[in-house]
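Worksheet: the structure to be examined is printed underneath.
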Amino acid sequence: MSYQYLEIVYDDYPVRYQLRKNSLVDRWVDQLKLAQQSYPIDDPKRFYGFNTIEEQISQALDLINNCIDTINQFEPIITRRLTKIDDQDTLNYLHHIFEEYHGLLDQQDHAFWQRAPIEVRKALANLNVFVHRCEDVYRSSRPRHVVTYYGLPKTEQLTLDDYELFETNYQFGTVYLNYVEIGKTLEDLAIDNDQYIGDDAFKPFRHFSADFNVKFFTSDSRQVEWIHANIKEYYEKNKVFFESRGLEWGHPYLKPGSIPLADIVSSDSNLTDILKNKQIVTAVNLI
């Protein structure tokens, strides 16, 4: 069956997005249908950038520190708490804890993970989510939301042709494919200046699933230029690392950005204000 639209219902407010026409979108739709058969949305309230900056900082700090407390009450493996939202070194450290004790994509074989109760496993998985929430708050705080289905196996991979679809100039009301690897892309490493990440945790954007995000902002061209320059600089400093993995500059696996899946059809001029009071996804429909 062919679909034309993705409809997302925010509380009781439906917004329609027109699906783009390419083979990746068709494969993503298949994953979304598969996810909806067996899995609920992980966190229907996973919205960013809609509240005041003070509210966002308070929420982000509470979420990540509560996560740390839950993990440490089971076993004290984390030696830091986050007291400043822009403490990138601590955020990198916490992301490394997540990678080490959670394991990489579909590799949850660490002894800690195996013996941890469900609430601790959930806290460890959320540590990754909340690290990125903190980074989002202090770097940009631009409105967007994310829909993920954690339980869905991440087995599908992008083809080399799919990388031609990547964009870094994000547009208001566009739906983008979500990064589902456990690790960091070249873009992430460059922006985070991560000193903790292990060699095996550099993970190009290769796998995909039903997960997606919707951005309610348009990229600033100067910021995009800065990101590209920063990525190039980081690559040159770590050229031996990447070339030893067969990744010369310009390789598709090093591309920044994401793949657009659908574009908003029409919306109220004050849509962002409307969504401030409707920060929950109650339905995702294919039409």
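Does residue 124 count as farther than 21 Å from residue 140 by Cβ, touching a residue at least 12 places away in the same chain (Cβ under 8 Å) and assigned by TED's automatic domain parsing to the domain that holds residue 4?
Numbers: farther than 21 Å from residue 140 by Cβ: yes; touching a residue at least 12 places away in the same chain (Cβ under 8 Å): yes; assigned by TED's automatic domain parsing to the domain that holds residue 4: no.
In short, no.
Among the residues of the range 120-155, those identified as hydrophobic (A, V, I, L, M, F, W, C), out of contact with any Cys (no Cβ under 7 Å at 6 or more places or on another chain) and in a helix (DSSP H, G or I) are 120, 124, 125, 129, 131, 134, 137. Scanning the range 1-33 for residues that are closer than 25 Å to residue 154 by Cβ, at pLDDT 95 or above and touching a helix residue (DSSP H, G or I) at 6+ places or on another chain (Cβ under 7 Å) turns up 3, 19, 24. Hey, does the range 229-239 have a residue that's at pLDDT below 95 and part of a loop (DSSP other than H, G, I, E, B)? Yes, the range 229-239 contains a residue that is at pLDDT below 95 and part of a loop (DSSP other than H, G, I, E, B).
Among the listed residues 208, 112, 217, identify the single one that is touching a residue at least 24 places away in the same chain (Cβ under 8 Å) and touching a Lys or Arg at 6+ places or on another chain (Cβ under 7 Å). Talk me through it step by step, then tell me what you get.
On the way: 208 fails: touching a Lys or Arg at 6+ places or on another chain (Cβ under 7 Å); 112 fails: touching a Lys or Arg at 6+ places or on another chain (Cβ under 7 Å).
Every option except 217 fails the conditions.
Could you check how many residues of the range 71-95 are among the aromatic types (Phe, Trp, Tyr) and closer than 16 Å to residue 110 by Cα?
Residues in the range 71-95 being among the aromatic types (Phe, Trp, Tyr) and closer than 16 Å to residue 110 by Cα: 1 in total.
The values are calculated or read from the model by the stated rules, or taken from the named source; none is laboratory data. These numbers were taken from a predicted model, which means no experiment stands behind them. As a convention, Cβ positions derive from the backbone with ideal geometry for all residues, glycine included, and neighbour counts pool all protein chains shown.
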